[in-house]
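Visitor: Below is a structure I'd like to ask you about.
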There are 2 protein chains.
Amino acid sequence: MQILKTVREMRARAEDARRSGVIIGLVPTMGFFHEGHLSLMRRARAECGLVAVSLFVNPTQFGPGEDLAAYPRDFERDCALAAAEGVDVMFAPEGAAMYADDHATFVNVERLTASLCGASRPGHFRGVATVVAKLFNVCRPHRAYFGLKDYQQVRVIETMIRDLDFDVELVRCPIVREPDGVAMSSRNSYLSPEERRAATILRRSLVAAGGQIEQGERDGAAVARRLRETIEAEPLARVDYAEVVDAESLAPLGRIDHSALVAVAVRIGRARLIDNLVVEAG
Amino acid sequence: MQILKTVREMRARAEDARRSGVIIGLVPTMGFFHEGHLSLMRRARAECGLVAVSLFVNPTQFGPGEDLAAYPRDFERDCALAAAEGVDVMFAPEGAAMYADDHATFVNVERLTASLCGASRPGHFRGVATVVAKLFNVCRPHRAYFGLKDYQQVRVIETMIRDLDFDVELVRCPIVREPDGVAMSSRNSYLSPEERRAATILRRSLVAAGGQIEQGERDGAAVARRLRETIEAEPLARVDYAEVVDAESLAPLGRIDHSALVAVAVRIGRARLIDNLVVEAG
């Protein structure tokens with residue numbers, strides 16, 4: 001596995017591959033790999049001639065007071081895990097290689113980013129869309145692999161691809177969970193054992209909400225209210241949001257009559273965890 | 001000359017050229033060609049294997065009450081002129097081909113767009129940067145040709161290219177002028193003969209300001225004040241702005257001690273005209 005640290009090297013590698021007609025798959029990550037990341041690499045490996053993984057803890061998607069400095073890192077381990085999945089190129093730029101001191105250009109996806117994590121974390125998706133646009137321009141992927149745990153991120157990047165005419169296919173990949181249902185997340189490493197047990201409330205609350213909708217409940221606000229109550233019954237959990245929204249526009253869903261996203265963000269200890277469930281209501 | 005109306009066709013043509021190792025030059029325009037546009041096409045023709053001209057009157061760079069509907073158009077004549085310059089591809093998409101009804105993604109270049117035309121025309125450069133990002137992604141140019149009459153636009157696009165890692169070289173091309181010094185502009189067509197004579201005040205005021213700086217004047221505010229007074233002496237002219245700024249950052253320049261941009265925007269009749277002069281002060 002090649003490890004490339006500069007935009008120039010990564011760009012040259014991607015151009016070479018393109019010129020040879022090789023399909024490039026990109027897995028954009030912030031590192032500290034878990035089974036969720038590895039599942040994206042595996043899917044890319046199965047579908048692409050060149051698999052590039054970017055590893056960059058992107059400062060512009062963290063707000064003031066968020067966990068940028070504390071974000072877990074283990075570059076050696078990450079390289080070993082990626083190599084074992086058959087990744088061809090690890091693109092791991094330094095911060096200074098990605099942002100000039102007077103960096104001034106940002107990509108904003110409007111509306112979609114007004115709700116959920118966009119509302120809780122102002123500027124987060126501006127940072128995400130900007131760094132992904134940069135990664136697309138440097139790595140020139142035909143396909144980019146994103147996990148559905150960050151469902152809003154998937155919709156933001158899909159919209160950016162369409163609106164800015166990026167010639168990239170976003171591949172949606174399923175959430176990977178621990179045996180007890182907790183979604184894999186690098187931030188699970190922040191949890192004490194007791195907090196880790198409490199974290200099961202996210203998935204349990206989502207499954208309960210999904211069950212209500214399947215049994216005919218069509219009032220989005222009622223489902224969201226019970227979702228919040230279920231989470232609040234867990235003493236270690238503080239709800240950031242608990243919502244039922246349109247799965248495409250992410251706008252609040254009064255009446256559930258088509259594809260709905262049930263989404264939660266919950267603080268447990270010093271971790272902020274997210275999870276979601278898409279429910280098709282016929 | 002091929003005329004392509006869809007993103008799909010243009011993308012395929014560009015990909016073909018890239019795969020064959022052909023250098024692509026893009027001249028982005030809003031049509032109604034004059035000698036300024038043609039000079040860009042000639043330069044691109046001399047330097048590139050495939051010359052693409054985009055012709056799109058981009059709605060997102062016009063504000064409410066601006067001249068989007070009135071903007072002059074003559075597609076047949078434009079095609080004849082471009083063909084005569086040896087242009088290979090005219091990319092002339094319809095509005096609906098470029099913007100989905102629920103288009104939501106915009107590229108913002110901050111700071112640089114706070115002054116000059118960015119201050120007079122809120123949202124203008126957001127529209128410009130967004131459409132140029134789209135054109136870069138569809139036409140995949142190695143080089144893009146921009147005229148220096150829109151000096152701030154050149155700086156905005158140069159910054160976007162750097163910040164978002166577009167693999168495009170922006171080629172700065174000199175302002176082309178009429179014999180009496182008036183900068184070529186599609187909007188000159190709005191002028192009555194009397195207004196057209198009054199329009200010489202832009203260039204004359206810039207030359208006078210340049211002369212003052214060459215003679216040792218270093219007070220940016222004083223130069224800007226006399227610049228404005230010179231223009232205001234023309235009864236048909238209303239100053240939109242008349243400024244002396246840093247030629248790179250476009251921030252106001254108190255003391256002129258390096259590269260300065262003297263820039264004016266002036267309303268004459270229903271036209272808003274711009275012009276500028278870069279002065280090197282040692």
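The values are calculated or read from the model by the stated rules, or taken from the named source; none is laboratory data. Since the structure is predicted, the reported quantities are computational estimates derived from the model, not experimental observations. Neighbour counts run over all protein chains shown; Cβ positions are idealised from the backbone, glycine included.
Let's see how each residue does on (1) within 22 Å of B:His124 (Cβ to Cβ); (2) among the aliphatic types (A, V, I, L, M); (3) touching a helix residue (DSSP H, G or I) at 6+ places or on another chain (Cβ under 8 Å); (4) touching a residue at least 12 places away in the same chain (Cβ under 8 Å):
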position: B:Lys5; (1), (2), (3), (4): no, no, yes, yes
position: B:Ile24; (1), (2), (3), (4): no, yes, yes, yes
position: B:Arg43; (1), (2), (3), (4): no, no, no, yes
position: B:Asp67; (1), (2), (3), (4): yes, no, yes, yes
position: B:Asp74; (1), (2), (3), (4): no, no, no, yes
position: B:Cys79; (1), (2), (3), (4): no, no, no, yes
position: B:Gly86; (1), (2), (3), (4): no, no, yes, yes
position: B:Pro93; (1), (2), (3), (4): yes, no, yes, yes
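Visitor: Taking the stated definitions as given, is A:Asp167 over 23 Å from A:Tyr71 (Cα atoms), within 14 Å of another protein chain (Cβ to nearest Cβ) and crowded, with 19+ Cβ neighbours inside 10 Å?
Guide: Judged against the criteria, A:Asp167 is not a match.
Visitor: Restricting attention to the stretch A:28-83, which residues are in contact with a Gly (Cβ under 7 Å, 6 or more places away or on another chain), more than 19 Å from A:Asn188 (Cα to Cα) and basic (Lys, Arg)?
Guide: Residue satisfying the conditions is A:Arg45 alone.
Visitor: Return only the number of the condition from (1) without any contact (Cβ under 8 Å) to a residue 60 or more places away in the chain; (2) under 23 Å from A:Arg187 (Cα atoms); (3) more than 10 Å from chain B (Cβ to nearest Cβ) that A:Glu158 does not satisfy.
Guide: Among (1) without any contact (Cβ under 8 Å) to a residue 60 or more places away in the chain; (2) under 23 Å from A:Arg187 (Cα atoms); (3) more than 10 Å from chain B (Cβ to nearest Cβ), the lone unmet condition for A:Glu158 is (2).
Visitor: Say we look at the stretch A:1-36 and pick out the residues that are more than 12 Å from chain B (Cβ to nearest Cβ) and in a helix (DSSP H, G or I); which of these is farthest from B:Ser20 (Cα to Cα)?
Guide: Looking at the filtered set, the residue picked out is A:Glu35.
Visitor: If you don't mind, another one. So for the stretch A:119-130 (the condition being within 10 Å of chain B (Cβ to nearest Cβ) and not basic (Lys, Arg)), does at least one residue qualify?
Guide: Yes, the stretch A:119-130 contains at least one residue that is within 10 Å of chain B (Cβ to nearest Cβ) and not basic (Lys, Arg).
Visitor: Next question. For A:Glu66, state whether it is away from chain B (no Cβ under 14 Å) and part of a loop (DSSP other than H, G, I, E, B).
Guide: yes
Visitor: Moving on. Of the residues that sit in the stretch A:239-282 and are exposed (fewer than 13 other Cβ atoms within 10 Å of the Cβ) and among the charged types (D, E, K, R), which one is nearest to A:Gly220 (Cα to Cα)?
Guide: A:Arg255
Visitor: May I ask you to list the residues in the stretch A:134-152 that are farther than 25 Å from A:Gly49 by Cβ and either within 14 Å of chain B (Cβ to nearest Cβ) or crowded, with 22+ Cβ neighbours inside 10 Å (or both)?
Guide: A:Tyr151, A:Gln152
Visitor: Residue by residue through the stretch A:45-57, note down the ones that are free of Cβ contacts under 8 Å to residues at least 60 places away in the same chain and not in a loop (DSSP other than H, G, I, E, B).
Guide: Looking only at the stretch A:45-57, we keep the residues that are free of Cβ contacts under 8 Å to residues at least 60 places away in the same chain, and these are A:45-46, A:49-51, A:53, A:55, A:57.
The answer is A:Arg45, A:Ala46, A:Leu50, A:Val51, A:Val53, A:Leu55.
Residue-by-condition table, conditions (1) under 25 Å from B:Gly21 (Cβ atoms); (2) hydroxyl-bearing (Ser, Thr, Tyr); (3) touching a strand residue (DSSP E or B) at 6+ places or on another chain (Cβ under 9 Å):
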position	(1), (2), (3)
B:Thr113	no, yes, no
B:Cys117	no, no, yes
B:Pro122	no, no, no
B:Gly127	no, no, yes
B:Asn137	yes, no, no
B:Phe146	yes, no, yes
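Visitor: Moving on to the next point. Pull up the stretch A:225-255, narrow it to residues that are part of a loop (DSSP other than H, G, I, E, B) and charged (D, E, K, R), then point me to the one that is farthest from A:Gly210 (Cα to Cα).
Guide: If we take residues in the stretch A:225-255 being part of a loop (DSSP other than H, G, I, E, B) and charged (D, E, K, R), then A:Glu234 is farthest from A:Gly210 (Cα to Cα).
Visitor: A:Val207: surrounded by fewer than 19 Cβ atoms within 10 Å (Cβ to Cβ) and either of a type in the set (Phe, Trp, Tyr) or away from chain B (no Cβ under 14 Å) (or both), yes or no?
Guide: Spelling it out, A:Val207 is indeed surrounded by fewer than 19 Cβ atoms within 10 Å (Cβ to Cβ) and either of a type in the set (Phe, Trp, Tyr) or away from chain B (no Cβ under 14 Å) (or both).
Visitor: If the requirement is being over 18 Å from B:Val53 (Cα atoms), more than 7 Å from every other protein chain (Cβ to nearest Cβ), surrounded by fewer than 18 Cβ atoms within 10 Å (Cβ to Cβ) and without any contact (Cβ under 8 Å) to a residue 40 or more places away in the chain, which of these qualifies: B:Glu178, B:Glu110?
Guide: B:Glu178
Visitor: I'd like the residue in the stretch B:1-16 that is of a type in the set (D, E, K, R) and surrounded by fewer than 16 Cβ atoms within 10 Å (Cβ to Cβ) and, out of all such residues, is nearest to B:Leu55 (Cα to Cα).
Guide: Going through the qualifying residues, I end up with B:Lys5.
Visitor: Here's a check for you: in the stretch B:88-107, which residue that is within 11 Å of chain A (Cβ to nearest Cβ) and hydrophobic (A, V, I, L, M, F, W, C) is nearest to B:Leu164 (Cα to Cα)?
Guide: B:Val107
Visitor: Which one of the conditions (1) outside the structural domain of A:Gly254 (by TED's automatic domain parsing); (2) within 17 Å of A:Arg267 (Cβ to Cβ); (3) small (Gly, Ala, Ser) does A:Ala199 fail to meet, given that it meets all the rest?
Guide: Status for A:Ala199: all satisfied but (1).
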